[in-house]
1. Under the 0.36 nm per residue contour assumption, what length would be gained going from the current alpha-carbon distance of ASP36 and ALA138 to full extension?
2. For segment 75-168, what class follows from the C-alpha gyration tensor (a ≥ b ≥ c being the square roots of its eigenvalues): rounded when a/c is under 1.5, otherwise prolate if a/b is larger than b/c, else oblate?
3. Less than 23 Å apart at the alpha-carbon level, and either on another chain or at least 8 residues along: which lysines does that give for LYS116?
4. Which of TYR114, TYR211 comes first, and how do the rest follow, when ranked by fewest Cβ neighbours within 10 Å?
5. Could you give the size of the charge dipole of the chain about its Cα centre, using +1 on the Cβ of each K and R and -1 on the Cβ of each D and E, expressed in debye and rounded to the nearest 20?
6. List ASP335, ASP351 from most exposed to least, where exposure is judged by having the fewest other Cβ atoms within 10 Å.
7. log10 I(q)/I(0), Debye, Cα-only segment 22-152, no solvent, q = 0.12, 0.16 Å⁻¹?
8. For VAL290, VAL72, what's the fewest-to-most ordering of other Cβ within 10 Å of each Cβ?
Amino acid sequence: MDKAGIGQLLRQLVAIDGPSGIEASVASLVVDLARDAVSETRVDALGNVIALRRGAANPPGRIMLAAHMDEVGLIVTKVEDGFLHVHEVGDLDPRALLGQEVTVYPTGPGTEAYMKGLPGYIGGRPPHLTAPKDRDKAISLADLRVDLGLPRAILERGLIQVGDRVAVRGPYTELLGGRVVSKALDNRASVAAMLGTLGYLAAMHHNWDVYAVATIQEETGLRGAITSAFDIAPDVAVAIDVTHGKTSDLNSAETMAMDKGPAIGWGPNLHPGVVAALRKAGDEHEIPYVIEPLPGDSGTDAWAIQVAREGIPTGLTSIPIRYMHSATELAVLADIDRTARLLATFIGRLDDAFLASLPEEV
């Protein structure tokens, strides 16, 4: 595994649509991509992908890696006059949706002809037909419509149903300086980092069993993390997610430096012993990282995993990205690779002594 390999993983992962609740296509791809680096894979009753790489110890400890594979999207709430009314699934900014290309996944009669979805665009009232007093106002989601270019008669046959999902399009693009732009980097960047971790571990000795979980429905309530953590009952867990990358017009206290490695979360949601071990792995192996202070809810799968069963010592690594929850999310490919290398190094150091020391670290 190397940075180029992780880039190839990421390109494949973002090419698949998977808004919260319809992640099955992404799950199928994750199973395929993980197969060569793990002992077994399964998809649980909720839709999480659980890939297991066996460790050398007998009995081994159990570490869970969790990276959510769902993305924010839209849901059809009404079909009217040949247009689709929609509402957000997850937290989308309506200001970024006007003029956006989308894919609609129909479930009505004739769906079999459109298994790859229907292309459409989100339109709004042009400025010529907007009252002067409204031109400077931010457009609301209620004022946006999805236009599929289909005659009204076709839509009236029920091809598109209320509840059908809509994915935002945003092609994978390589920029200068090792930057990449795409939709769904939140959180396919972390899924790529998790798969990259398995790839690095394939060339390393590690004692603990590694459960790499691509979770579902993080954007709508951390549901996949809740159920998979209960199922696996790991000794230790690390959630992998994204955080806000430094942008010129944002408060520096609310953003993380980019191209400096992953952000290691530090706050009440994270176990001091796990945080210290992640930092030590980075320091001793010269893998750069930054510290992200999280005074409360991290807003990630770590929030659910920490309190599963009787409690799980949990850490969090986050990849800084810009323009989160848009079709043009931007990340540094090297930060994704550094995340994978940090996690593989951390896992390779796990032993019984580490587990025994965790209660003393609280």
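Bear in mind these aren't lab numbers, they're just calculated from the coordinates by the rules spelled out. A quick note: this is a predicted structure, and the numbers were derived from the prediction, not measured. Cβ coordinates were reconstructed from backbone atoms using ideal geometry, including for glycine residues, and neighbour counts include every protein chain displayed.
1. Values: separation 102, 0.36 × 102 = 36.72 nm, distance 4.83 nm.
Difference between extended and current length: 31.9 nm.
2. Details: a/c = 2.41, a/b = 1.75, b/c = 1.37.
Prolate.
3. Within the straight-line cut-off, LYS116 pairs with LYS78, LYS183.
4. Details: TYR114 17, TYR211 22.
So the ranking, lowest neighbour count to highest, is TYR114, TYR211.
5. Dipole magnitude for the chain comes out near 680 debye.
6. Values: ASP335 28, ASP351 13.
Lowest to highest Cβ neighbour count: ASP351, ASP335.
7. Summing over Cα pairs of segment 22-152 leads to -0.67, -0.93.
8. Details: VAL290 18, VAL72 22.
Result, fewest neighbours first: VAL290, VAL72.
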